[in-house]
Each structure stands twice: as C-alpha cells, then as structure tokens.
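Contents: one structure, followed by commentary.
The values are calculated or read from the model by the stated rules, or taken from the named source; none is laboratory data. Since the model is a prediction, treat every value here as computed from it, not as a measurement. Please note: Cβ atoms are built from the backbone with ideal geometry, for glycine as well, and neighbour counts cover all protein chains shown.
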Amino acid sequence: MKHYLIIGSGLVGRLLAWRLILQGHQISLLSSDDKTGTTSAGYIAAAMISPATEAVQTETKVKQIGLVSAHLWPKWLAELPEQIFYQNNGTLVVAHRGDQSEMARFKRRAQHVLADDDYVELNHEQLNVKEPQLAQQFEQALFFDGEACLDNRHLYRVLTTFLTTSSRCDWQQCNEIESLSHAVIKQLSQQYFNCDSDVYEAVIDCRGNGSKADLSGLRSVRGEVIRVHAPDVDFKHAVRLIHPRYPMYLAPRPNNEYVLGATVVENDDMSPVSVRSGLELMSALYSLHKGFAEARVLEMAAHCRPAMTDNMPVIKRTEFGYQINGLYRHGYLFSPAIISDFLALLDGKQHSMTFGGLFNA
Ligand SMILES: Cc1cc2nc3c(=O)[nH]c(=O)nc-3n(C[C@H](O)[C@H](O)[C@H](O)COP(=O)(O)OP(=O)(O)OC[C@H]3O[C@@H](n4cnc5c(N)ncnc54)[C@H](O)[C@@H]3O)c2cc1C
C-alpha cells in the first residue's frame with residue numbers, strides 16, 4: 001500500500017482518488033472545494049463524451065483519446081455502488097436553415113478528420129424514426145453512433161460518499177493554495193493531516209484552474225450552461241446544434257432534465273451567466289423544440305475550463321510531484337483515458353504510449 005496526496009477534488013482529483021483506493025492505496029485529499037464539488041468545473045459541465053463530434057471541432061487526437069475513455073466509462077461506472085445515468089445512444093448534429101454554411105463546413109471537417117463510418121447522414125424520414133421530436137424542427141441530421149453523456153452530479157455524489165466513508169481516504173477542505181513546493185506541502189501535511197510529507201509516495205496536483213502559478217501556459221476559458229426540466233420534451237439522443245458563435249450541445253439527464261451548453265469565452269471570469277449568454281442559451285433550447293417553452297429553468301451556471309495553449313491535456317513531472325491538467329472542454333471525454341495512463345506511469349509500467357507527447361517529464 002502506498003500513500004498519495006491529491007490536491008484538488010474536482011473531476012480529476014476525485015476520480016483519481018477513487019481509482020487509487022481501488023488499487024489498495026491510501027489517499028490524503030486536500031481541496032478548497034466543498035465535498036459536493038460546487039467550485040469545480042466538472043460539477044457545472046454538461047458531461048458529454050463525444051469523441052468524434054469533438055474531434056471535428058478540434059483535432060484527430062481528441063477522438064483517439066476519447067474512444068479510450070468511451071470504452072472505459074461503462075466499466076468504471078459498473079464498479080460504483082449506484083447506477084449512474086450513462087446514455088450512449090449517439091449524437092444527432094443539426095443546423096437551422098440560416099446556419100447551413102456552418103453545417104457544410106462541419107461536414108467538410110468531418111470528412112477530413114474522421115473515418116467514413118464514424119457518422120451517417122439522415123434524411124427527414126430517417127431522422128423522424130430516430131428522434132421524432134427533433135424531426136419537427138429539422139429536415140436532416142448527421143448521426144454519430146455511440147457518443148454518450150452521463151449524469152455528472154450523481155457521479156460526484158456517489159464518489160463523495162465513497163471517498164468520505166472509505167477508511168483509506170482522509171479528505172480535508174483548505175483555503176486556496178496559491179503555489180506548491182516541498183516546503184508548502186510539508187506545512188500543509190502537518191496542518192491538515194498531522195503527518196510529515198515524506199510519507200507520500202507522490203503528490204498529485206489536480207487543481208485545474210487553480211494551478212496557474214505552477215503550470216506555465218495554463219489559462220481559463222469561461223463556459224456557461226443552462227439546466228432545465230422539460231416534461232414536454234423527450235429526446236433519446238444528445239444533440240449538437242451548429243451555431244455561428246458557440247459549439248452548442250444538449251445533454252439529456254434522467255427524468256426529462258437537460259443541460260444545454262456551452263458558451264466559450266476566452267477569459268477567467270467565473271461570475272454568473274450574462275443576460276446575453278442566457279438569451280442565446282434559451283433561444284437555442286427553444287429552437288430545438290417548442291416543448292422547451294414551458295420548461296422550468298433549474299439553473300444557469302458559469303465556470304471555466306482549465307486549458308493549455310494547444311487545448312490538449314498534460315501530465316507533468318514537477319519538483320513536488322505530478323500535475324494532471326489542461327483537460328479543457330474534455331474533462332469527461334478524457335479523464336478515464338488520462339487517469340489510466342497516469343496509473344500505469346505510477347506503477348512503472350509502459351505509459352503515455354497511446355497519447356505520445358502528453359507526458360512532460
Ligand atoms: C460550462 C462547461 C461545460 C463543460 N462540458 C463538458 C462536457 O460536456 N464534456 C467534457 O468532457 N468536459 C466538459 N467540461 C470540461 C470539464 O468540466 C473540465 O475539463 C474538468 O472539470 C477539468 O477537471 P479538473 O479536475 O482538472 O478541474 P476541476 O473539475 O475544476 O477541479 C479542480 C478542483 O481543484 C479545486 N481547486 C482549485 N483551485 C484550488 C486551489 N488554489 N487550492 C485548492 N484547491 C483548488 C477546485 O475547487 C476543484 O475542486 C465543461 C466545462 C465547463 C466549464
């Protein structure tokens with residue numbers, strides 16, 4: 001049994017803590033977040049796991065890493081004591097009449113970046129069979145099989161229960177840690193865990209946006225989402241709406257709840273959703289199906305995605321341990337793949353072979 005200190009209890013921190021405990025290790029978990037996870041990007045996220053549609057709007061490596069995660073998520077979720085909503089019915093990509101040139105561009109990118117069998121074009125009749133309510137507004141769609149979304153809030157709750165009840169985890173809330181070093185870790189270990197820092201096999205920094213002082217090139221990209229309850233809408237697929245300003249997507253949740261996101265704004269502003277973004281999100285929703293008119297707004301929320309300059313994740317060796325960061329808008333899409341790779345690295349096994357270049361020693 002080895003002892004690890006994980007700093008940050010957002011998406012990466014809590015998943016990593018869980019996986020290390022399953023391997024029989026001891027975890028000290030320190031974070032400025034509450035145990036619900038309300039100040040983490042992963043709590044706000046739509047939690048789409050869409051390797052192909054994301055690759056179209058970014059790069060091929062996104063699909064490669066995302067497919068590893070899409071394979072791992074169902075296995076990982078099956079190891080939890082409660083069933084988490086994980087819907088992998090695929091994504092339907094649609095565009096309004098005025099956005100057909102954007103749709104044509106999306107298709108050209110898809111042809112360039114993806115394999116021929118990654119998607120199919122649906123005419124109105126085929127769309128009507130697959131998602132009748134969407135066919136009321138759209139004449140055609142692109143269909144990407146196998147893409148998924150999960151109920152991130154439920155996942156967070158289940159992981160919180162696991163970590164707070166495990167005898168192998170000591171989880172403490174702290175003030176924001178500005179910068180990490182051996183001296184800071186020594187002081188924090190004594191203050192919060194009453195132990196010396198040399199008990200740790202490794203320290204792993206998972207502070208996301210909070211690691212800027214220790215990770216050159218890390219930036220924040222603001223995103224806003226809306227959560228609604230829409231009893232009149234019953235979509236069985238995730239929907240990506242081609243939009244001139246943002247990559248908009250609708251992620252279903254259980255019981256006719258939906259998350260629609262997300263704006264992409266290049267700054268680190270985490271203040272509440274602006275009126276303009278709120279209007280854009282709501283009109284995008286209403287444009288997908290008129291049944292959203294009577295939906296109830298459960299929440300409008302904003303957070304920031306931690307991103308490196310190339311928008312790709314990084315696993316980095318530092319003076320004090322390791323950093324896992326830069327998951328940008330792909331935290332759910334990448335986490336299982338990246339964490340598995342990192343666990344192999346800790347075990348001294350072959351690592352980062354799949355994603356050559358992400359590990360930065
Ligand atoms: C609006 C929005 C929509 C998104 N949608 C999707 C999606 O559909 N699919 C997808 O794959 N990804 C999505 N993402 C991205 C995903 O949420 C992030 O990539 C992921 O959460 C990053 O995980 P992380 O653990 O690095 O950071 P976080 O989840 O932010 O966790 C960081 C943790 O560290 C703590 N912390 C921060 N600073 C400090 C500090 N100084 N000291 C101590 N603790 C600190 C925080 O409180 C938090 O608990 C979205 C993100 C946003 C904002």
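Points to keep in mind about this one:
- Only one entry of Ala70, Ala52 meets the criterion of being in contact with a Gly (Cβ under 7 Å, 6 or more places away or on another chain), touching a residue at least 24 places away in the same chain (Cβ under 8 Å) and not assigned by TED's automatic domain parsing to the domain that holds Gly326, and that entry is Ala70.
- One residue from Val113, Val120 being under 22 Å from Val68 (Cβ atoms) and in the same structural domain as His289 (by TED's automatic domain parsing): Val113
- From Glu176, Glu201, residue being within 11 Å of the ligand (Cβ to nearest atom) and acidic (Asp, Glu): Glu176
- Test: residue in the stretch 268-287 that is over 27 Å from Lys107 (Cβ atoms) and of a type in the set (Phe, Trp, Tyr): no
- Residues being over 20 Å from Ile84 (Cβ atoms), aliphatic (A, V, I, L, M) and touching an Asp or Glu at 6+ places or on another chain (Cβ under 7 Å) - total across the stretch 229-265: 2
- Number of the condition not met by Ser277 [criteria: (1) among the hydroxyl-bearing types (Ser, Thr, Tyr); (2) closer than 20 Å to Val233 by Cα; (3) buried (at least 17 other Cβ atoms within 10 Å of the Cβ)]: (2)
- Beta carbons closer than 6 Å, at least 6 apart along the sequence or on distinct chains, pair a first residue in the stretch 305-323 that is over 20 Å from Ala262 (Cα atoms) and touching a residue at least 60 places away in the same chain (Cβ under 8 Å) with a second that is surrounded by 20 or more Cβ atoms within 10 Å (Cβ to Cβ) and of a type in the set (Asp, Glu) for Gln323/Asp205.
- Candidates in the stretch 159-173 are the residues that are out of contact with any Asp or Glu (no Cβ under 9 Å at 6 or more places or on another chain) and of a type in the set (S, T, N, Q); of these, the one that is farthest from the ligand (Cβ to nearest atom) is Ser167.
- Conditions (1) surrounded by 13 or more Cβ atoms within 10 Å (Cβ to Cβ); (2) modelled with pLDDT of 95 or more: number failed by Val113: (2)
- Annotation note: of Leu77, Leu15, Leu29, the sole residue that is away from the ligand (no atom under 12 Å from the Cβ) and in contact (Cβ under 8 Å) with a residue 40 or more places away in the chain is Leu77.
- For His289: the one exception among (1) surrounded by 19 or more Cβ atoms within 10 Å (Cβ to Cβ); (2) touching a strand residue (DSSP E or B) at 6+ places or on another chain (Cβ under 8 Å): (2)
- Residues located in the stretch 294-317, provided they are surrounded by fewer than 17 Cβ atoms within 10 Å (Cβ to Cβ) and more than 14 Å from the ligand (Cβ to nearest atom): Glu294, Arg296, Val297, Leu298, Thr309, Asp310, Arg317
- Applying the set (1) touching a strand residue (DSSP E or B) at 6+ places or on another chain (Cβ under 7 Å); (2) farther than 23 Å from Gly326 by Cβ; (3) among the polar types (S, T, N, Q) to Gln190 leaves exactly one unmet item: (1).
- When residues of the stretch 39-71 are limited to those that are within 8 Å of the ligand (Cβ to nearest atom) and in a loop (DSSP other than H, G, I, E, B), the one farthest from Glu176 (Cα to Cα): Ser50
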